[in-house]
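Chemist: After the C-alpha cells below, expect a handful of questions from me.
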Amino acid sequence: MTWTRRPFAALAVCVLLLAGSAGCGSGGAREDAGSATPVGKILEDRDQEGRPYREVGQEGAPDVGIEVQPDAAGGWDVRLSVRNFRFSPTGAATRAVAGRGLARLFVDGRPVARLRASAYRLDTRLVPRGTHHVTARLYADDGTVWAVDGEPVESTADITSSEPGPGISPDAVSRRKARTQSADTGGRGSPGGAGGAS
C-alpha cells in the first residue's frame, strides 16, 4: 500500500506547484507595474562631469531642440522643444524612467542650469561679448545622460553677443543674433527642426 501513496503524494505536490505558480503570475503582474525595470544600457562613455551615458534605441528615444533669442532686458530667452520626453518635477525619485528627466544647460561647455521646464532666461553676465555655444542635454533622474547611437541627446545653438560701446544707441541689442546649429555638429540634435532660430 505504501507504493500507492507515493503517486498520490507526488500528484498533490504537482497540483500545489501549478496552483502556486498561477497565483504568483497574477501577483507578479501587479508587482511589475510598480517596480523599476532597466531602461537602456549604461555605456562606458561619460560626459565632461563623469556621468555615464544611458543608451536607448532610436525608436521612441527622447529628443531635444534649442532656440535662443535676445530679450528686451539684455539677457537671452532659451526655449527647449522636446519629443518623447517629459520633465520630472523637483523631488522625483532618482531612478531612470523611460523618456523622463531634466535638461542641463551649458554655455561653452560650462554647466549653468538644471531645467525642469522648457523655458529659461539666461543672464547676460553668462554670455559676454563674442560668440558662444549654448547646449541643452537631456538626463535621466538618476543623473545618467540619455544617448542614442553612442551620442548624447543634446542640441546646441550658437549665439553672438555684442555689447553696446560708447555712443552706441540702446537698440544695439537688436544686433545680437542666435541660430541653431545643425544636428551633426555635436550630439544628437532635433531632426525635423523643432524650433531652431534662423
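Only the coordinates and a few stated rules stand behind these numbers; no lab work does. On a predicted model such as this, the values are computed, not experimentally measured, just so you know. Here Cβ is always computed from backbone atoms with ideal geometry, including for glycine, and neighbour counts include all displayed protein chains.
Chemist: Sorting check: for 76-87, 134-145, 109-120, which peptide has the highest mean count of neighbouring beta carbons within 10 Å, and how do the rest follow?
Modeler: My ranking of the peptides, most packed first, is 134-145, 76-87, 109-120.
Chemist: Moving on. Mind ordering 63-75, 121-133 by average Cβ neighbours within 10 Å, highest first? Before the final figure, lay out each step's value.
Modeler: Numbers: 63-75: 19.2, 121-133: 14.6.
Ranking the peptides 63-75, 121-133 by packing returns 63-75, 121-133.
Chemist: Okay, moving on. How far, in nm, would the chain grow between R110 and N84 when pulled straight, counting 0.36 nm per residue and subtracting the alpha carbon separation?
Modeler: On the way: separation 26, 0.36 × 26 = 9.36 nm, distance 2.61 nm.
Full extension from R110 to N84 adds 6.8 nm.
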